[in-house]
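Written out below as C-alpha cells is the structure these notes cover.
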Amino acid sequence: MMDPMLRRRLPPRITTPEFWPATFDRFDEILSTSAHCQVEHVGTSAGGRAIHGVTYRGRSDAPTLGLVGGMHGHEPQGPVTYRGRSDAPTLGLVGGMHGHEPQGPATCMNVISVLGYGRDLKGTSWPEIVGDLNYVIVPLLNPDARSRMPNSFVGLARQDILHYDAGMTLQGERYDPAQGDCDPEEMMILGGLFNDAGNHVNREADPDNIRSPEIQATMEFIGDHRPDIVLEFHAHAAPPLLIRPTNLIPPDMQQAQQRLCEEIIDTAKAQGILFDGKIPTTEKCSTALYHHFGGAMPILYESPQGVLDSKAPWSHEQIIDTCMFVVSQLCSHLMG
C-alpha cells in the first residue's frame, strides 16, 4: 500500500474536455501532427523533461499541401501550409510558467490548431488569428510543475488552488511564495510555481541571475526569433486581468503596453466579456525578460481558473474562448 505522504504528492485525476489538452500524451499528439509548424527541442527542465519551441512562418500567396493527415478526423487532406515569409509581424505565446495554470498550454495548442486547420480544438473559427503573421510559441515552459498538478480547477474551490500553487510543507502548511525558491525535500506537495529543483521560475527577473534551465532555454528561444509581442498565460481565481511587467521595460514601451491593454479591455466589454478594468504593473516577474532578450513587448494575462467561489464561475469553454480572444486581439493589433 502506498505511503499516505507519497499519495498526497500525486495530482487528483480530473477529466477535461478534448479542447483542453493538459497531459503530455495529448501535447505530444498535437505537436507531432502539426506539420504546418516547426517543433524543436529548445531545452530540458530541471527534472529532465523536454521544453519545446514552436514556430510558424507567416504565409506567402502560394499554398502547399501538408503531408500529415488531419488531427481532428475531419481534415482528410491534412493541413494547408505556406512558404514562410520573414517580414511579417511576430506574436510570441508562452504557456505553462506555472503548473497549476493549465489553460495556458491548452490555449497554445488551440492556436496551433487554428493555424493549421482554421479552427480551434472544439471547431470554432478565429478569423483574427491569421496565418499571415509569424508565431513563436513555448506551449509548456515548466513541464516539471505540469506533471505534478491537476488538469483543471474548474468547479473546485479557491482553497483547492492554495494546496497546489505554492505547495505544502511536510508540516502541512502552505509554503510562503515570498520566500522564493524552496527545498523540494521539505515539501509534501511541491507547488506549481516551482520546477523540480525548487526554482521559483517566474521570479527570475534579473537577466544576470537566471537559475532555472526553463527560463534560460525560453529566453534564448525568444531571443533567436525576436517577436514583437509576447503574451504569457497565467491564471487566478478572479475575472480576466491584464498585467504590465515594467522592470527592464523602457517608458515608451510601457505607454504602448498601457494603450494596448486598454484596447483589449474596451473591445472585450463591447463583446460582453467583463475584464477587471485595472491594469496593474509588476516588477517581480521574469515576463519582462522577453524584452531584455528579444526586444518584445511583454504582456501577462491572468485567466479565470473557473473556481466556484469566484465572482463569476467560468466553464472550460469560456476560459479557453477568453484566452483565444486575447490572442485574437493581439493578432489584430499586429496586423493593423
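Annotations
- Spin-label model, residue 220/residue 309: points 7 Å from Cα along the beta carbon direction are separated by 4.4 nm.
- Backbone amide hydrogens, once placed in the peptide plane, bring residue 244 within less than 5 Å of 281, 282, excluding anything fewer than 5 places away on its chain.
- Helix 316-335 and the longest principal axis of the Cα set of the chain meet at an angle near 50°.
- Radius 9 Å from Cβ of residue 48, net charge of other residues (Lys, Arg +1; Asp, Glu -1): -1
- Calculated on the Cα set of the chain, radius of gyration then Dmax: 19.0, 62 Å.
- Legend: calculated FRET efficiency, residue 124 to residue 171, from the Cβ-Cβ distance at R0 = 41 Å, rounded to 0.05, equals 0.35.
- Bridging of residue 311 to aspartates and glutamates at a Cα separation below 12 Å is possible for 276, once same-chain residues fewer than 8 apart are set aside.
- Two-site label geometry, residue 317 and residue 159: point separation in nm, points 7 Å out along Cα→Cβ: 3.1 nm
- Backbone N within segment 205-241 under 20 Å of label point (7 Å from residue 147 Cα along the Cβ vector): 211-218
- Gyration tensor verdict on segment 103-202 (Cα atoms; rounded if a/c is under 1.5, prolate if a/b is larger than b/c, oblate otherwise): prolate
- The reciprocal of the average 1/r between distinct C-alpha atoms defines the Kirkwood hydrodynamic radius, which for segment 213-336 equals 15.0 Å.
- Applying 1/(1 + (r/R0)^6) with R0 = 35 Å to the Cβ-Cβ distance of residue 255 and residue 50 gives a FRET efficiency near 0.35.
- Between helix 103-117 and the chain: long-axis angle, C-alpha atoms, 0 to 90°, nearest 10: 20 degrees
- Once both labels are positioned 7 Å from their Cα atoms along Cα-to-Cβ, the gap between residue 263 and residue 18 label points is 3.6 nm.
- Nearest 10 degrees, 0 to 90: helix 251-270 Cα axis against the chain principal axis: 80 degrees
- Theoretical gain in end-to-end length, residue 282 to residue 209 [0.36 nm per residue, Cα-Cα removed]: 24.4 nm
- Global geometry of segment 212-264, whether rounded, prolate or oblate, following the gyration tensor of its Cα atoms and the 1.5 cut on a/c: oblate
- For segment 22-39, putting each phi into the Karplus relation 6.51 cos²θ - 1.76 cosθ + 1.60 with θ = phi - 60° gives couplings of 9, 10, 5, 5, 6, 4, 4, 4, 5, 5, 6, 9, 9, 5, 6, 10, 9, 10 Hz, in residue order, rounded to whole numbers and with x for Gly and Pro.
- Counted by Cβ distance under 14 Å from residue 154, the other residues give a net charge of -4, where Lys and Arg count +1 and Asp and Glu count -1.
Read the figures in this text as sums done on the coordinates, not as results from a lab. Keep in mind that what you see is a predicted model, and the values were worked out from it rather than measured. No Cβ is skipped: glycine too gets one built from the backbone with ideal geometry, and neighbour counts run over all protein chains shown.
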